[in-house]
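To keep things clear, I will list the structure first and then write my remarks on it.
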Amino acid sequence: MSGELKLLKPGIHFMMGNIACAEAALIAGCEFYAGYPITPSNEIAEHMSRRMPQLGRHFIQMEDEIASIVAVCGASAAGVKAMTATSGPGFSLMMETIGLSAMLELPCVIVDVQRAGPSTGIPTFVGQGDVMQARWGSHGDYELVVYSPSTVQEFFDLTIEAFNTSEWLRIPVIVLSDEVVGHMYGRLQVPEYDKIKIINRKRYSGPREEYLPYSSETLVPLFVAAGDGFRIHMTGLTHDERGYPSLEIEDSHKLVERLVMKVRKNAKNLWKYETLYLDDADVVVVTFGITARSTEEAVRRARNEGLKVGMIKLLTLWPFPEDPVKVASQYARRILVAEINMGQLIHPVREVAECPVAGINYPVGYVPPPEYILDGIRAAV
Amino acid sequence: MSQKQILKEKIVEESPRDDLIRRERFPHIWCPGCGLGTVLKCYVEAIAASNIPIDKHVIVSGIGCTGRIAGYVRLDSYHVTHGRPIAFAEGMKIVRPDLEVTVISGDGDLVTIGGNHFIHAVRRNVDINVFLVNNFIYGMTGNQMGSTTPLGAKSSTSPYGCPEFPFNLPLLAAALGAPFVARWTTLHVRQLADAMKRALQVKGFAFIEIISPCPVGFGSYNDLREGRDFIKLFLENCIVDHSADLNKVGITLRPGEPIILGNFVDREVPTYHELELEVFRKAGWLK
């Protein structure tokens, strides 16, 4: 029985964001899903529980989010693509093992459907409060990639992209969605399968005795899976190129530098963003996720009022797309950062901007209406 | 050449399981009198005796003294986050049922910080082996009490005696439906190796609690300062009773109260893998 035939058919669909994410994962080749129930990400797990077994793939509901991300790492070590999905409280629980994924260089995808507020917050309402946690949540130095969708289509596309990037760089990749993008129904165009780029981690196939699991010859070492006969060792302890624990300062430098540089050196290839009306903009709104939808409407209305306003919608949040923001700031008088939090993405914007930066912040669990963002724009102009 | 050097070379030359040990990683980190070397020996013996190809064996361990065992075995070996090796092993085993995945880790790792994963993995009956080395204490990190420290035992965080009841692990595992449950000490080398061999054959979650001396850590707080003090304790107090009432096998370490050992449970229980195949059938993937 062919699994290919059971994937979501190419063509136009009308679909919920969370379900588009799950279908994208299936197309990307996800073989293992482990998760724990949490609002507002549940539709992903529910859909996967039905769909994965239809394709002979594995779905398991674990006892908590810690077990979920750890099991995902275990499956990845066995050589398969694996993912989990959660929301704020579960995301917090996963942090330690996101660091393990980075350290062992086990590719995986974590979807965080953000909800409102700190702690339990408002589980059924929207938020964008996990921007910094997604980047800095686990201890120690490491880098990862965070994508943020604002439409059902982007949720689908960026989920496939997340698998590709995680396999390419052997890192954890986070899809930072939110409650509204997760639950909204929208148009989804699924390309023909041969038009969808799928990346699989590069595997080592040379002589067994020459294999170095953490070779620093390249930024991304070649992978072997459990059971391949290489008898490798992987440890969360700082390790040398053989994968053995090491207290040598050179080994520590070599490892940590490589973990960081494999993302930093590829940053420009990882940046995804879209711009609107930047050519003559005095004021530029930088935004992402569901807030970008509201901002786009606000910017169009501002243009109708004759205000010279543009916007940058970031699809990659981390590594932060420095160049487009920096260039915009060289022509604009002011940059505004619109987000459903008290000011998180504004920090990297400030770091690179050459003009004054202010936030349009909306702390409660709703999408800021266009009027709210328009007020912020008018005040800035 | 000194006596010591001659002895070292002799040991290395005669090491019978070099193919399964990462000799380049020795000397190991374990203290004099520790039982972990025996656990390692029994494990590699069980692997060598198993009919499973060596490349299909995988070991996963967590953090702590016992957690270091994965680094000394020449197998695919994974040393993961504290308390989480069972969840890691589950993910691995589920996608690769052909692998023989064994978790070897300590009491603090597997049933204290990782207790939730332990109980759920037993309940699911994922086909992995869990060899839990119980030394009654957090050794590596400085001799703090844990969920297996006997009531009244002293440690760096129970200077007045541990005020909590410890786990009775064979009872816990059996109550959750484990198909194989055993307990041995590192003094019972042959029985331990045999139990491990059996565990590698058992379909489903195979659990062995291994009571292991910790003279430098637990012992220094509880008048068991030498390895031989533990051996004496084991010799004098251990009773082998395969059909023991598991309600009564909790360990107190009080004088005159026995440490009961045995292969307590060996039964057939449908495994997670078998039940998942049923899901695949219902979903239409398998006929």
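Bear in mind that the values in this text are calculations on the coordinates, not laboratory data. No experiment lies behind these values; they were computed from the predicted model shown. Cβ placement follows ideal geometry from the backbone for every residue including glycine, while neighbour counts extend to all protein chains displayed.
Just how many % of Cα pairs in the stretch A:252-309 lie over 17 Å apart, if you round to the nearest whole percent?
56
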Sorting A:Ile360, A:Val381, A:Ser329 by the position of each Cα along the dipole of the stretch A:310-381 (Lys, Arg +1; Asp, Glu -1; all at Cβ), the one nearest the positive end of that ordering is A:Val381
Cα-based Rg of the stretch A:1-68 per 2.2 N^0.38 Å, rounded to two decimals? 1.12
Under 13 Å from A:Lys254, Cα to Cα: aspartates and glutamates that are on another chain or at least 8 residues apart: A:Asp141, A:Glu217, A:Asp240, A:Glu241
Calculate for chain A the 222 nm mean residue ellipticity that helices alone would give, adding -39,500 (n - 2.57) per DSSP H run of length 4 or more and normalising by residue count, nearest 500 deg cm²/dmol. -12000 deg cm²/dmol
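For the stretch A:129-270, what does the convex hull of the Cα positions come to per residue, in cubic angstrom? Display every interim value, and only then the final one.
Working: hull volume 20.7 nm³, N = 142.
So the per-residue hull volume is 146 Å³.
With 10 angstrom as the radius, rank A:Lys272, A:Lys313 by how many other C-beta atoms surround their C-beta, starting from the fewest.
A:Lys272, A:Lys313
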Flagged links, alpha-carbon separation over 29 Å, of A:Lys81/A:Lys272; A:Lys81/A:Lys326; B:Lys56/B:Lys232; A:Lys6/A:Lys262; A:Lys202/B:Lys287; A:Lys6/A:Lys313: A:Lys81/A:Lys326; B:Lys56/B:Lys232; A:Lys6/A:Lys262; A:Lys202/B:Lys287; A:Lys6/A:Lys313
Cα extents of the protein assembly as shown per principal axis, largest first, Å, are 92, 59, 54
Return the calculated 222 nm mean residue ellipticity for chain B, to the nearest 500 deg cm²/dmol, obtained by summing -39500 (n - 2.57) across DSSP H runs with n ≥ 4 and dividing by the residue count. -9500 deg cm²/dmol
How large are Rg and Dmax for the stretch A:4-195 when calculated on the C-alpha trace, in angstrom? 14.9, 44
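Give the relative contact order (percent, whole number) for the stretch A:278-381; include only Cα pairs under 8 Å separated by 6+ residues. Don't skip to the answer; put the middle values down first.
Values: 191 pairs, mean separation 35.1, N = 104.
Relative contact order comes out at 34 percent.
Longer than 26 Å from Cα to Cα, which of B:Lys197/B:Lys282; A:Lys195/A:Lys268; A:Lys265/A:Lys308 are they? Say none if no pair is.
Working: B:Lys197/B:Lys282 35 Å; A:Lys195/A:Lys268 23 Å; A:Lys265/A:Lys308 35 Å.
Over 26 Å apart, Cα to Cα: B:Lys197/B:Lys282; A:Lys265/A:Lys308.
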Chain B: most fluctuating residue of B:Ala206, B:Ala49, B:Ala121 per GNM, C-alpha cutoff 10 Å: B:Ala49
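Name the shape class, rounded, prolate or oblate, that the alpha-carbon gyration tensor gives for the stretch A:225-330, where a ≥ b ≥ c are the square roots of its eigenvalues, rounded holds for a/c under 1.5, and otherwise prolate holds if a/b is larger than b/c and oblate otherwise.
Working: a/c = 4.85, a/b = 3.05, b/c = 1.59.
Judged from the Cα gyration tensor, the stretch A:225-330 comes out prolate (a/c at least 1.5, a/b above b/c).
Please report, in whole Å³, the volume per residue of the convex hull around the C-alpha atoms of the stretch A:274-380. Walk me through the numbers before you get to the answer.
Numbers: hull volume 8.9 nm³, N = 107.
Taking only Cα atoms, the stretch A:274-380 has a hull volume of 83 Å³ per residue.
Over every pair of different alpha-carbon atoms in chain A, take the mean of 1/r and invert it; report that Kirkwood radius in Å. Display every interim value, and only then the final one.
Numbers: mean 1/r = 0.0469 Å⁻¹.
Roughly 21.3 Å, rounded to one decimal.
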Rounding to the nearest 10 and keeping the result within 0 to 90°, find how far the Cα-based axis of helix A:65-77 lies from the longest principal axis of chain A. 60
With no solvent and one point on each alpha carbon, what is the Debye value of log10 I(q)/I(0) for the stretch B:37-117 at q = 0.27 Å⁻¹? -1.30
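Share of Cα-Cα pairs in the stretch A:189-278 beyond 21 Å, in percent? Walk me through the numbers on the way to the answer.
Values: 1994 of 4005 pairs.
The share of Cα pairs beyond 21 Å in the stretch A:189-278 comes to 50 percent.
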Any idea what diffusion coefficient the stretch B:173-262 gets from Stokes-Einstein, in µm²/s, Kirkwood Rh on alpha carbon pairs, 4 °C, 1.567 mPa s? 92
Take the Cα coordinates of chain B, assign each an equal point scatterer, and use the Debye formula without solvent to give log10 I(q)/I(0) at q = 0.10, 0.15 Å⁻¹. -0.51, -1.13
